[in-house]
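The values are calculated or read from the model by the stated rules, or taken from the named source; none is laboratory data. Given the structure is predicted, the values throughout are model-derived calculations rather than measurements. Backbone-built Cβ (ideal geometry, glycine too); neighbour counts: all protein chains shown.
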Amino acid sequence: MQEWAIRDVARATGLTSRTLRHYEQIGLLHPSRVASNGYRFYGEAELSRLYRILSLRALELPLATIQIALDDDGSLEDAIRSHLSLLEERRDRTIQQITLVQQTLHAVQKCQEITIKEVFAGVDQSQYESEVRQRWGDEAWERSTRRREGMDESQRNADDAKSLDVNAALRTAAESGITPDSDSFQALVADHYAWVTDYWGGRRPDRDAYIGLSELYVIDARFAAAYGGQANAEIIHAAMQTWIEANLS
């Protein structure tokens, strides 16, 4: 029976070895065998299952739903039907988001005064899914998604308001001229770290993860725009770096 090493499977699929091991840990995909040195190998049956996994992932189905669909063929229709409902809901949110962004753009063009809440109203956090999955793994995104799915509408509204408050405070601090290493700015970064921990479903970012997040704020124009421009993003990045050195070993 032909087998492929985990590194070859990772290279062929574009997945990381860490992702494949995560699939194994959650029972989604087991290797055909594990050698005495710990190397994992996959046979044709495992590659066939992985092909189905990736096909369903292309539909943006959560891993838990994919596992149910693979373990119970009769539930695949329900899984796809559920995904269709999700896409329809996303379509409706997108239409609402377009309207909000158009209103914000019109206000800016007319030099009308707008609140920080109105500026962020059109920002959809789900657009950052690929960055989260690539940088911190599928589990980080899945935990965050499960957290949101477990909330009712009032809790989601409160959660959105918290997100706006935390990030608006950073933007205001950057615009106010206070130094990134000041006590007040550092307290805001601490609030931001606590917010990220909560948003990641209770998983505290380690040093590398939080550094990666701070770097994303300056290299991704979408984040910089949300904080009022590249200059503000650079200041916030500097404040986060100072906090990291003092609090994350």
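A few comments on the model shown:
- Looking only at the range 30-58, and only at residues there that are free of Cβ contacts under 8 Å to residues at least 12 places away in the same chain and not in a helix (DSSP H, G or I), the one that is surrounded by the most Cβ atoms within 10 Å (Cβ to Cβ): Val34
- Gly201 of a type in the set (Gly, Ala, Ser) and under 25 Å from His22 (Cα atoms): yes
- Selection status of Gly229, over 22 Å from Asp159 (Cα atoms), surrounded by 14 or more Cβ atoms within 10 Å (Cβ to Cβ), assigned by TED's automatic domain parsing to the domain that holds Lys162 and of a type outside the set (Asp, Glu): yes
- Apart from one condition, Gly27 fits all of (1) over 22 Å from Ala64 (Cβ atoms); (2) in a loop (DSSP other than H, G, I, E, B); the exception is (1).
- On inspection, Val132 fails the criterion of being touching a helix residue (DSSP H, G or I) at 6+ places or on another chain (Cβ under 9 Å), modelled with pLDDT of 85 or more and of a type in the set (Val, Ile, Thr).
- Conditions (1) touching a helix residue (DSSP H, G or I) at 6+ places or on another chain (Cβ under 7 Å); (2) in a helix (DSSP H, G or I); (3) touching a residue at least 24 places away in the same chain (Cβ under 8 Å): number failed by Ile68: (3)
- Leading residue by the ranking (modelled with the lowest pLDDT) among those in the range 1-20 that are within 14 Å of Leu47 (Cα to Cα) and surrounded by fewer than 15 Cβ atoms within 10 Å (Cβ to Cβ): Met1
- Checking Ile178 against (1) assigned to a loop (DSSP other than H, G, I, E, B); (2) under 20 Å from the mean Cα position of the chain (by Cα); (3) on the phi < 0 side of the Ramachandran plot, the condition it does not meet: (2)
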